[in-house]
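One structure is given here, and the rest of the page talks about it.
The values are calculated or read from the model by the stated rules, or taken from the named source; none is laboratory data. Predicted model only: the values in this text are computed from it and were never measured. Glycine gets a Cβ as well: all are built from the backbone with ideal geometry, and neighbour counts include every protein chain shown. We work out accessible area using only protein heavy atoms, side chains counted, and drop any ligands, DNA or RNA first. Shrake-Rupley method; radii C 1.70, N 1.55, O 1.52, S 1.80 Å.
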Amino acid sequence: MSLVLAGFRSLGTQYFLLGPVCFRTELTDVLSVPRNVQEDRQYVQEYKPAQDNIKYLRVLLYGPVGHGKSSFINSVSNVIRGRISIPALASINSFSMFQFETHKFNKGRGNEKTIYPVVFNDIMGVEEGESRGVHEDDIKLALKGHVKEGHKFNPISPLTQRDPGYNPTPSDDDKVHVLVCVISANASQIKPSVLQKMKNVRETASNLKIPQMAMMTHIDEACGETEKDLKNVYKSKHLKKKMADFSAAVGIPMNCVFPVKNYSHEIDLNDDTDTVILSALRKMIDFGDDFIEKM
């Protein structure tokens, strides 16, 4: 198998994403050894926000179209509820309107049913061009809690203060507590304009002191050895390269980039898949709770 290089340029620097070639080496200095699945699941299930006045830790997912945002929400639901479920639809095309929705996960049944205190907002994908995909200003408004539930994003017309979907007085519950960029390890290249939009959003989040991390999805499709055995994610030089390239391109530190495999066609849960999902989810909770504690 030959080596395929797909180049992209960001901020005057040339970066390269490797194609479907996989190398193996020990990388315990970069990717930590997975913890016990049940321990991590219990940690997530028993979490409560640090501030009593905040009901939910809110996570906002953003990134290019089709890179696995909605699939990750589905996967989180599967893992914390202990069964396959589909609460979020797959991504839609950039010419449709995408509704802003808070994805919540039920805990218990009947009269004892409650909601897990970690919720997710998916957002229209970032695309090249001014009239395609989500406007970066809409993402910035969502960070501050100014986007109402049910607002329909329009690629041609970003949200303004005059729109009914604008929330003029957001509570701390409405605001985003963790910003997560979702990127596919199997993507051949990312357009420079898309990277710039993502960097602009990241800088706004930094100014707001919102913690940030990234998830690299489709790790099984990007690496043959990982596809054979997901445990090889902790041995893959190829995935380390992909993570380092993306880290450099958007400015998210390497130790805040997490490899993830989403559930897609599976009909049963798998401990190895649960492990990488829970590892990322646990960090989201830790980062978000630190932010909530300072609000």
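Quick check on Gln196: is it touching a strand residue (DSSP E or B) at 6+ places or on another chain (Cβ under 9 Å), closer than 20 Å to Ala244 by Cβ and open to solvent by 50 Å² or more (accessible area, probe 1.4 Å)? Criteria met by Gln196. Screening Pro170 against (1) closer than 24 Å to Gly66 by Cβ; (2) touching a Gly at 6+ places or on another chain (Cβ under 7 Å); (3) surrounded by fewer than 20 Cβ atoms within 10 Å (Cβ to Cβ) leaves a single unmet condition, (1). For the range 211-224, does any single residue satisfy the condition of being open to solvent by 30 Å² or more (accessible area, probe 1.4 Å), over 19 Å from Ala280 (Cβ atoms) and part of a helix (DSSP H, G or I)? Checking the range 211-224: at least one residue is open to solvent by 30 Å² or more (accessible area, probe 1.4 Å), over 19 Å from Ala280 (Cβ atoms) and part of a helix (DSSP H, G or I). Answer yes or no: is there a residue in the range 276-289 that is more than 14 Å from the chain's Cα centre (by Cα), buried (at least 18 other Cβ atoms within 10 Å of the Cβ) and not in a helix (DSSP H, G or I). The answer is no, given that none of the residues of the range 276-289 is more than 14 Å from the chain's Cα centre (by Cα), buried (at least 18 other Cβ atoms within 10 Å of the Cβ) and not in a helix (DSSP H, G or I). All of Ala244, Ala185 fail the test of being of a type in the set (A, V, I, L, M, F, W, C), open to solvent by less than 10 Å² (accessible area, probe 1.4 Å) and either closer than 24 Å to Gly288 by Cβ or in contact with a helix residue (DSSP H, G or I) (Cβ under 7 Å, 6 or more places away or on another chain) (or both), apart from Ala185. The number of residues in the range 228-248 being of a type outside the set (D, E, K, R) and either under 23 Å from Asn270 (Cα atoms) or outside any helix (DSSP H, G or I) (or both) comes to 6.
Working only within the range 107-124, note down all residues that are open to solvent by less than 70 Å² (accessible area, probe 1.4 Å) and part of a loop (DSSP other than H, G, I, E, B). Listed by number, the residues that qualify are Gly108, Tyr116, Pro117, Ile123, Met124. Give all pairs with beta carbons closer than 6 Å in which a residue from the range 214-241 that is over 20 Å from Gln189 (Cβ atoms) and touching a residue at least 40 places away in the same chain (Cβ under 8 Å) meets a residue that is hydrophobic (A, V, I, L, M, F, W, C) and part of a helix (DSSP H, G or I); count only pairs at least 6 apart in sequence or on separate chains. If the second residue must be hydrophobic (A, V, I, L, M, F, W, C) and part of a helix (DSSP H, G or I), the pairs left are Thr226/Ile219; Thr226/Val233; Val233/Ile219. The set of residues in the range 125-164 that are over 18 Å from Gln196 (Cα atoms), in a strand (DSSP E or B) and open to solvent by less than 90 Å² (accessible area, probe 1.4 Å) comprises Val147, Phe153. Criterion first (β-branched (Val, Ile, Thr) and at pLDDT 85 or above) does Val37 satisfy it? Yes; evaluated as a whole, the condition is true for this residue.
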